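Sharing a structure below in structure tokens format, with a few things to ask.
The values are calculated or read from the model by the stated rules, or taken from the named source; none is laboratory data. As the structure is a computational prediction, the values presented were derived from the model and not from experiment. All Cβ positions, even for glycine, are placed from backbone atoms using ideal geometry, and neighbour counts span all protein chains on display.
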Amino acid sequence: MPHVPGFPFDENHNPWQVLSTEVRYQNPWISVREDQVINPAGGLGIYGVVSMKNKALGIVPVDAEGNTWLVGQYRYPLNEYSWEIPMGGGPVELDILESARRELREETGLSAARWTNIARLHTSNSVTDEEGFVFLAEELTPGETEPEETEDLRLWKLPLAEAVRMAMDNRITDAISVAGLLKAEKVLASR
């Protein structure tokens, strides 16, 4: 039965039954499995799940003047250029803040004295179990970038308000970047 406001229901009830599961592909970053299932309506079916081996981490660095930094790069899966907040992955066994500090330094050269976890996200949760976190990084100190060999990055320092406009008019389309910029703007406005 669909949820009706005010009507009690059990959010922990899982209507899916897994009959079997098989890993079909894996590499150092992802694992793809296929589950044979009985769906919520009682029918037989399959479900494919992409499991990530890292947490997704996004950082919205904001300086005392209200500027932020975007990272531009050509995204292979999309076959197009993308402006995004600094982001990357952190091994699931590591502290997410430690990984976020590393990503910010690698991609922008920035270090931050003040960190605020502003979002927990699930990206495309119909096909992947990826969990993401976004941090607001403040009290910034510049330094040298340390990009990975797969990254051909461009940095852009601009007012946070302009980056938010880019998210609103679809010049920024990465989900973690859009969510992170909008949440950062709200968090900063509420102080």
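Within segment 116-173, which residues are hydroxyl-bearing (Ser, Thr, Tyr), over 25 Å from ALA189 (Cα atoms) and exposed (fewer than 14 other Cβ atoms within 10 Å of the Cβ)?
The answer is SER124, SER126, THR150.
Hey, another quick one. In segment 74-146, which strands (runs of 3 or more DSSP E) lie fully inside it and hold 2 or more residues that are among the charged types (D, E, K, R)?
Ranges flagged: 80-84, 111-122, 131-141.
If you go through segment 118-170, how many residues are within 21 Å of TYR76 (Cα to Cα) and among the β-branched types (Val, Ile, Thr)?
Here the count works out to 4.
Out of all the residues in segment 151-185, which are free of Cβ contacts under 8 Å to residues at least 12 places away in the same chain and either in a strand (DSSP E or B) or not assigned by TED's automatic domain parsing to the domain that holds LEU70 (or both)?
Hits for segment 151-185: nothing passes.
Is there a residue in segment 86-93 that is closer than 30 Å to GLU148 by Cβ, in the same structural domain as ASP169 (by TED's automatic domain parsing) and out of contact with any helix residue (DSSP H, G or I) (no Cβ under 9 Å at 6 or more places or on another chain)?
Yes: one or more hits.
Moving to a separate point now. Among the listed residues THR21, THR68, which satisfies the condition of being among the hydroxyl-bearing types (Ser, Thr, Tyr) and either in contact with a Phe, Trp or Tyr (Cβ under 6 Å, 6 or more places away or on another chain) or in contact (Cβ under 8 Å) with a residue 40 or more places away in the chain (or both)?
After ruling out the rest, the residue left standing is THR68.
Where the second residue is surrounded by 15 or more Cβ atoms within 10 Å (Cβ to Cβ) and the first is aromatic (Phe, Trp, Tyr) and lies in segment 26-45, which pairs have Cβ atoms under 8 Å and are six or more apart or on separate chains?
Taking only residues 6 or more apart or on different chains, the pairs are TRP29/MET52; TRP29/ASN54; TRP29/GLY89.
A follow-up question, please. Does SER124 count as closer than 19 Å to ALA56 by Cα and touching a Gly at 6+ places or on another chain (Cβ under 9 Å)?
no
Listed residues ARG75, ARG101, ARG105; which is among the basic types (Lys, Arg), on the phi < 0 side of the Ramachandran plot and buried (at least 20 other Cβ atoms within 10 Å of the Cβ)?
Just a single option satisfies the conditions, and that option is ARG101.
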